[in-house]
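Working notes, beginning with the structure itself.
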Amino acid sequence: MSYTNIEEVKSSSYSPRTIHRTSSLGQSLNFKGTLSGYEDLTIHGQFTGNIKLYDHDLIVETEGKVEAEIQAKNIIIRGEVKGNILATGKVFIDENAQMIGDISAARISIMEGAQFKGRIKLTS
């Protein structure tokens with residue numbers, strides 16, 4: 001089973017935000033630096049640096065390549081991620097994804113076929 005969007009990953013206790021914004025880094029874009037904000041982000045391109053999404057969600061799509069320290073609420077990885085993750089919610093690693101780095105999260109799902117190398121710390 002593969003999740004199609006972040007809503008399927010969120011817990012049933014999730015309360016909708018009054019303002020919901022989503023940004024996207026396109027497939028042909030290459031970003032280096034620090035990105036922080038108060039909205040959801042989908043990455044189709046390449047990102048190197050740091051990502052801080054305060055109480056918001058990150059999706060790395062199949063064509064996405066991220067090398068970063070990541071802080072977000074929920075994270076879906078379908079592409080490649082190198083770096084450590086701190087999630088207050090759930091991390092989902094899809095069956096064709098590659099993840100190298102440590103994960104600290106309340107909940108973690110790694111699908112069969114996914115490549116993962118790192119440590120996992122479950123938080124409350």
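Against the condition crowded, with 18+ Cβ neighbours inside 10 Å, closer than 22 Å to L25 by Cβ, of a type in the set (K, R) and in contact with a helix residue (DSSP H, G or I) (Cβ under 8 Å, 6 or more places away or on another chain), how does K73 come out, does it pass? Walk me through how you get there before you give the answer.
Details: crowded, with 18+ Cβ neighbours inside 10 Å: yes; closer than 22 Å to L25 by Cβ: yes; of a type in the set (K, R): yes; in contact with a helix residue (DSSP H, G or I) (Cβ under 8 Å, 6 or more places away or on another chain): no.
So K73 does not fit the description; no.
Kindly indicate whether Q27 is modelled with pLDDT under 95, among the polar types (S, T, N, Q) and out of contact with any Phe, Trp or Tyr (no Cβ under 7 Å at 6 or more places or on another chain). When the stated conditions are applied, Q27 passes them.
Quick one: would you say E63 is at pLDDT 95 or above, surrounded by fewer than 22 Cβ atoms within 10 Å (Cβ to Cβ) and farther than 16 Å from I120 by Cα? Before you say what the answer is, go through the steps one by one.
On the way: at pLDDT 95 or above: yes; surrounded by fewer than 22 Cβ atoms within 10 Å (Cβ to Cβ): yes; farther than 16 Å from I120 by Cα: yes.
Yes.
When we screen Q27, Q46, Q115 for residues that are buried (at least 19 other Cβ atoms within 10 Å of the Cβ) and of a type in the set (S, T, N, Q), the only hit is Q46.
Regarding segment 88-98, can at least one residue be identified that is free of Cβ contacts under 8 Å to residues at least 60 places away in the same chain and of a type in the set (D, E, K, R)?
Taking segment 88-98 and keeping what is free of Cβ contacts under 8 Å to residues at least 60 places away in the same chain, we get 88, 91, 93, 96-98.
From what's left, of a type in the set (D, E, K, R): none.
The answer is no; no qualifying residue exists.
The values are calculated or read from the model by the stated rules, or taken from the named source; none is laboratory data. Bear in mind that the values here come from a model prediction, so they are computed numbers and not experimental data. Cβ coordinates were reconstructed from backbone atoms using ideal geometry, including for glycine residues, and neighbour counts include every protein chain displayed.
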